[in-house]
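The values are calculated or read from the model by the stated rules, or taken from the named source; none is laboratory data. Predicted model only: the values in this text are computed from it and were never measured. For neighbour counting, all protein chains shown are included, and Cβ atoms are generated from backbone atoms with ideal geometry for every residue, glycine included.
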Amino acid sequence: MSEPPAHASAPRAASAPRPVVVGGDIGAYATARAFHEAYGVRTVVLATLATGAVARSRIVDLRIVPDLADPDVLVETLRGIAAEPGGPPLVLGSADWLVQQLVAERHRLEDVLVVPYAPAPVVDAIGDKAELMARCAAAGVPHPATRVLVPGRDDHTGALVGYPQVLKAASTSEIHDVSYTGKAKVHLVHTPDELDAVLAAMAAARFSGRVLAQEYVPGGDDAMGAVNVFCAPRAGGGGDVTFAQLGQVLLEDHTPSALGNSVAQLTRDARAEPGALETITAVGELLREAGWVGFANVDLKRGPDGVWRVLEVNPRVGRSGFAVTASGYNVARMYVDAFGPRAPRADAGNSAAPTPHLELGVHEHLFTLVPLALLRRYLDPAQRRQVSALRRRGAVTNPLYYAAERDPRRWAYVVAAMVNQVRKFRRHHPWSRAGRTRAAQPT
């Protein structure tokens with residue numbers, strides 16, 4: 001798979017950043033690759049085990065910490081890294097709950113390293129889907145009709161807007177370690193009995209957190225979108241939106257535990273997508289008013305009415321956030337420019353300074369975690385032609401395909417990972433189970 005020339009790694013500078021990522025998934029590797037491309041540095045990755053995504057990599061300094069979920073262990077480990085030669089490390093979380101853990105322990109870390117996130121109350125509020133939907137309603141930001149339930153406690157009768165409905169926990173971190181029969185990231189229920197069954201299973205597992213029951217917005221994978229928004233910290237606190245880029249999802253993961261995760265995404269110029277820029281502007285203002293800083297990954301869905309609705313906000317640059325880097329806007333540089341040693345101090349200067357210019361990502365680029373042959377199976381003819389054109393232009397990137405890697409065992413893992421994607425889609429994608437492809441679907 002071809003890579004644009006701009007992705008060559010830069011020579012390491014004397015004042016190079018010291019990135020640390022907590023979590024060992026593919027998102028951690030994508031972040032490490034962004035830093036390596038921009039600065040030629042290796043990223044320290046802390047993980048509980050050596051996952052294939054980050055193992056045997058030339059760009060990753062992998063350190064196994066079995067008790068990483070223990071806040072005291074996390075703090076001790078990070079402070080130990082900070083004591084090593086070099087400037088203050090910049091630490092990032094590769095999952096929502098890890099970001100929340102970092103911001104919760106910021107008071108024990110910020111004297112020796114940089115935690116480039118909003119204050120914990122802001123991260124918790126925006127990351128809570130129930131709170132987010134309430135804020136969207138108050139600000140007039142498009143979102144699905146929503147009611148909030150508590151398993152085992154509420155009367156679940158009464159129609160929301162009819163069925164089907166989407167059921168999901170308000171807090172990803174609260175349900176992270178909860179196991180119940182039929183657990184999925186998102187449940188699609190078609191009847192009141194199905195809704196009650198899911199809530200009963202949650203209650204039986206002693207989950208008492210809030211659950212969202214939302215209207216189902218019709219549309220396939222390609223009706224999904226994601227906006228990566230960056231808010232640079234400003235003097236006096238909070239942040240200003242300085243970058244935003246729309247990504248149109250072409251294909252999502254359909255395994256129950258990862259349902260809705262993007263595996264192929266096309267970055268787009270939001271100005272050319274009717275209604276997208278309006279929603280991006282509205283959600284950017286919502287984040288600014290909340291006091292957000294750093295990256296936010298905003299999940300959207302375009303309804304049959306053409307309106308892009310906000311589904312959730314992840315408090316980090318997601319794994320599909322590498323689409324931003326691949327399209328020419330390196331996320332590592334954004335972090336370093338805003339939070340590095342040469343960045344303006346948040347407690348200095350005039351808090352009434354002019355709002356920085358918003359840069360809108362406009363370059364078209366395909367980010368994929370699956371083989372192109374597999375992706376094409378689930379695209380319509382027009383999308384296939386578009387993918388072929390992007391490939392001819394060298395505008396296709398799989399973050400795992402990185403020429404800087406040399407270890408044959410790592411490349412064997414990459415091949416195995418792609419084969420596993422084929423197996424997963426054969427097993428879980430509804431069209432595969434029905435023996436059909438996109439080309440056979442009615443328009």
Test: residue 28 is within 18 Å of the chain's Cα centre (by Cα), assigned to a helix (DSSP H, G or I) and assigned by TED's automatic domain parsing to the domain that holds residue 323:
yes
Name the single residue, out of those in region 375-407 being within 19 Å of residue 31 (Cα to Cα) and hydroxyl-bearing (Ser, Thr, Tyr), that is surrounded by the most Cβ atoms within 10 Å (Cβ to Cβ).
397
Within the set of pairs 6 or more residues apart or between chains, which connect a residue that is free of Cβ contacts under 8 Å to residues at least 24 places away in the same chain inside region 48-73 to a residue that is among the polar types (S, T, N, Q) and in a strand (DSSP E or B) with Cβ atoms less than 8 Å apart?
61/43
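Per-residue answers, yes or no, for (1) surrounded by fewer than 16 Cβ atoms within 10 Å (Cβ to Cβ); (2) farther than 21 Å from residue 98 by Cβ:
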site: 165; (1), (2): no, yes
site: 168; (1), (2): no, no
site: 172; (1), (2): no, no
site: 182; (1), (2): yes, yes
site: 189; (1), (2): no, yes
site: 197; (1), (2): yes, yes
Per the filter on region 306-322, residues over 11 Å from the mean Cα position of the chain (by Cα) and hydrophobic (A, V, I, L, M, F, W, C) are 307, 308, 310, 311
What about residue 76, is it assigned to a loop (DSSP other than H, G, I, E, B), more than 28 Å from residue 313 (Cβ to Cβ) and either of a type outside the set (Gly, Ala, Ser) or at pLDDT below 95 (or both)?
no
Considering only region 146-264, give the strands (runs of 3 or more DSSP E) lying wholly within it that have at least 2 residues that are within 30 Å of residue 326 (Cβ to Cβ) and among the aliphatic types (A, V, I, L, M).
224-233, 239-252
Just give me the residues in region 95-145 being within 28 Å of residue 48 (Cβ to Cβ) and acidic (Asp, Glu), in sequence order.
96, 105, 110, 111, 124, 128
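Among the candidates 124, 96, 111, single out the residue that is over 20 Å from the mean Cα position of the chain (by Cα) and acidic (Asp, Glu).
Testing whether each residue is over 20 Å from the mean Cα position of the chain (by Cα) and acidic (Asp, Glu) leaves just 111.
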Among the residues of region 90-98, is there at least one that is hydroxyl-bearing (Ser, Thr, Tyr) and surrounded by fewer than 22 Cβ atoms within 10 Å (Cβ to Cβ)?
no
Consider region 296-314. How many of its residues are out of contact with any helix residue (DSSP H, G or I) (no Cβ under 7 Å at 6 or more places or on another chain), surrounded by 19 or more Cβ atoms within 10 Å (Cβ to Cβ) and of a type in the set (A, V, I, L, M, F, W, C)?
1
Restricting attention to region 100-128, report how many residues are part of a helix (DSSP H, G or I), of a type outside the set (D, E, K, R) and either at pLDDT 95 or above or over 13 Å from residue 23 (Cα atoms) (or both).
12
Note: among 352, 439, just one is part of a helix (DSSP H, G or I), at pLDDT below 95 and of a type in the set (A, V, I, L, M, F, W, C), namely 439
Yes or no: residue 185 charged (D, E, K, R) and at pLDDT below 95?
yes
Identify the single condition in (1) modelled with pLDDT under 95; (2) over 20 Å from residue 170 (Cα atoms) that residue 84 does not satisfy, given that it satisfies every other one.
(1)
Test: residue 247 is buried (at least 22 other Cβ atoms within 10 Å of the Cβ), out of contact with any Pro (no Cβ under 8 Å at 6 or more places or on another chain) and in the same structural domain as residue 362 (by TED's automatic domain parsing)
yes
